[in-house]
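Here is the structure we will look at.
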Amino acid sequence: MEESPLLATQALIEIAPTPKSKPRLEKKESSGMMLKAAVPIFEDNGNFVGVLLAGVLLNRNFEIVDKIKEIVHEGEIYKGNEIGTATIFQNDLRISTNVKNQDGTRAIGTLVSEEVYDEVLNRGRRYVGEAFVVNAWYLSAYEPIRDINNDIIGILYVGILKKPFDDILRNTLITFLGIALGGIVLIIFIAVYLAKRISIPLRKIEESAKRIAQGDYYQEVKVKAPREIEYLASSLNQMAKELDKEKKELEKWGATLEVKVQERTEEIRKIHAQLFRSEKLASLGKLAAGVAHEINNPLTGILTNSSLLLDDLDKNDPRREDVDVIVKETIRCREIVKRLLDFARQTKPQKQLININAIIENIILLIRNQTSFRNINIQKNLINDIPEIMADKDQIQQVFINIIINASEAMSKGGLLTIESKLSTNKETILISFADTGPGIPEEIKDKIFDPFVTTKEQGTGLGLSISYGIIEQHGGEISMESKRGEGTTFIIQLPVNSLEGE
Ligand SMILES: Nc1ncnc2c1ncn2[C@@H]1O[C@H](COP(=O)(O)OP(=O)(O)OP(=O)(O)O)[C@@H](O)[C@H]1O
Ligand SMILES: [Mg+2]
């Protein structure tokens, strides 16, 4: 008041209650805080004459705080709030500040919080921390202001709005969370993609491989996957196919093997039978030749004498009939002996170049008009240009006749005899077949039809086929028979074309 009433009003501050401040009894503060300076004054000669004393009242003097704000924060504003603030406290009372009230006026008259009060004013220590200033949080620092006696008389406060940091923190957090979330989503997508593209196809391949291992080769895995996996699948398919093929081949081979074994066995059996028959025929031949020779002479005697006896007997003599039987049966015996000798003789064939077709034609001419062939149709399918072969004409003719007569005897009630000649595909063999439509060969003699003395005929010797067998064998050929009961019989003779070698 003494200096200037203006200073008194400038210093007078109404105390506004602040929620966190220490309670104050007074309602007003009438004292002020001054920034003072004293300078000695000297005369020109250097004599000290006095002191220049100057002071600035800090109450409601915003020059310092605004300067701080300007220098430090360049007056930046963040979302309507000052970013940086500065305050000068006289003791705990805000006397100069740029912290604003809600209404935008400077927050003069408010009090410092109790916490800061204790730390700075009571203990004389700097306070650094978060502080709620008027209406927002600030990162703040409170520094004690001391007078010339080093007594604490107030506080210098600077603060920086916490919101930007919070926002940065929050934004960072949100960004981080966003990235993390994006990452998780991405990982899920990658996992699903990998599963679809790799795991699922691989599982399919695995299952297929298992089934193949269990022997199910009809597998085709179709996968949409990276190339390597598709290669894997197609290799597996290929493998299954190959395995299937191999398996089938093996099975086929197994089946044919069985057939082949059967065929071989049958062949061996036939060869055995042939060998056996040949041996038997040979020894039988010797025996028969001996017997026949021995019997021939007595037979001639019987025949001569019985014929003479028959001539001597009177025409009406009742004994004539009996003697006639003796003569006839003896003739039959001689016939048998002759055949036996034929069979036993096994003469070496007198080979010459002969035409098989010509022999057949000749025989047909001979037999056609015989009574036993009256009801039999003869059909011939003879190959043109049949190669001539080296063979004994009489013997071959005898074989054909034997077979033809057998056929006619089998078809006593009529039928068809088909005679065929042809060349084998390799042109090395002539095939001659005689097929009749008779009753077929009885099952019980089928296997021994070429053995001597096998006959079903009353008047038969059973030597016809065994003689034929021997002849064909001597010509290096083969004779075989196919017969079906009730359907007919076919005899097939194979003769080698180049039988010159047999000479
Ligand atoms: N075409 C045929 N059809 C049916 N059976 C046949 C035929 N050919 C031969 N046979 C049977 O084979 C048997 C033996 O024939 P093979 O010619 O060797 O003697 P055979 O005819 O009985 O007597 P032989 O020829 O000495 O007069 C015959 O008794 C007959 O039972
Ligand atoms: Mg016969």
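A few points about this structure:
- Cross-link reach is defined here as a Cα-Cα straight distance under 30 Å, omitting same-chain residues fewer than 8 places apart; for LYS162 the lysines meeting it are LYS20, LYS22, LYS67, LYS69, LYS79, LYS100.
- Restraint check, LYS380/LYS457; LYS338/LYS448; LYS247/LYS427, Cα-Cα greater than 32 Å: LYS247/LYS427
- Exposure proxy order (Cβ contacts within 10 Å, fewest to most) of HIS73, HIS475, HIS293: HIS293, HIS73, HIS475
- Computed across segment 315-373, the Kirkwood radius stands at 15.7 Å (inverse of mean 1/r, all Cα pairs).
- For segment 381-461, the set of GluC sites (Glu not before Pro) satisfying both a DSSP loop assignment and a count of at most 14 other C-beta atoms within 10 Å is given as GLU388, GLU428, GLU458.
- Distance between the 7 Å Cα→Cβ label points at TRP253 and ASN381: 3.9 nm.
- For segment 195-245, the set of trypsin sites (Lys or Arg not before Pro) satisfying both a DSSP loop assignment and a count of at most 11 other C-beta atoms within 10 Å is given as LYS222, LYS224.
- Taking a ≥ b ≥ c as the square roots of the eigenvalues of the alpha-carbon gyration tensor, segment 264-305 is classed prolate because a/c is 1.5 or more and a/b outweighs b/c.
- Helix-derived mean residue ellipticity, 222 nm - over the chain, DSSP H n ≥ 4, -39500 (n - 2.57), to 500: -15000 deg cm²/dmol
- The length gained on full extension between ASN101 and LEU194, counted as 0.36 nm times the residue separation minus their Cα-Cα distance, comes to 27.4 nm.
- Using the Karplus relation 6.51 cos²θ - 1.76 cosθ + 1.60 with θ = phi - 60°, the per-residue 3J(HN,Hα) values for segment 313-320 come to 6, 5, 4, 9, 5, x, 7, 3 Hz, with x marking Gly and Pro.
- Efficiency of FRET from Cβ geometry, GLU267 and LEU416, R₀ 25 Å, rounded to 0.05: 0.20
- Using the Cβ-Cβ distance between ASN355 and GLN238 with R0 = 60 Å, the FRET efficiency computed as 1/(1 + (r/R0)^6) comes to roughly 0.45.
- Degrees separating the helix 356-367 axis from the principal Cα axis of the chain, which is the longest one: 50
- Residue order for TRP137, TRP253, fewest other beta carbons within 10 angstrom first, comes to TRP253, TRP137.
- The label point for LYS280 and the one for LYS484, both projected 7 Å from the Cα toward the Cβ, are 2.8 nm apart.
- Seen against the Cα atoms of the chain and their longest principal axis, helix 393-410 is set at about 80 degrees.
- Share of pairwise Cα separations in the chain, more than 46 Å, in percent: 61
- Average silhouette area of segment 5-161, convex hull of alpha-carbon atoms, in square nanometres: 11.5
- Overall dimensions of segment 367-417 by Cα: Rg and Dmax, Å: 13.0, 37
- For segment 349-503: rounded, prolate or oblate by the Cα gyration tensor [a/c cutoff 1.5]: prolate
- 3J(HN,Hα) from dihedral phi, segment 376-390, Karplus parametrisation 6.51/-1.76/1.60, rounded to Hz, x for glycine, proline: 10, 7, 10, 10, 10, 10, 9, 6, 6, 6, 6, x, 6, 10, 7
Computed from the coordinates by the stated procedures, all read-outs in this text should not be read as laboratory data. What you are looking at is a predicted structure, and each value in this text was computed from that prediction instead of being measured. All Cβ positions, even for glycine, are placed from backbone atoms using ideal geometry, and neighbour counts span all protein chains on display.
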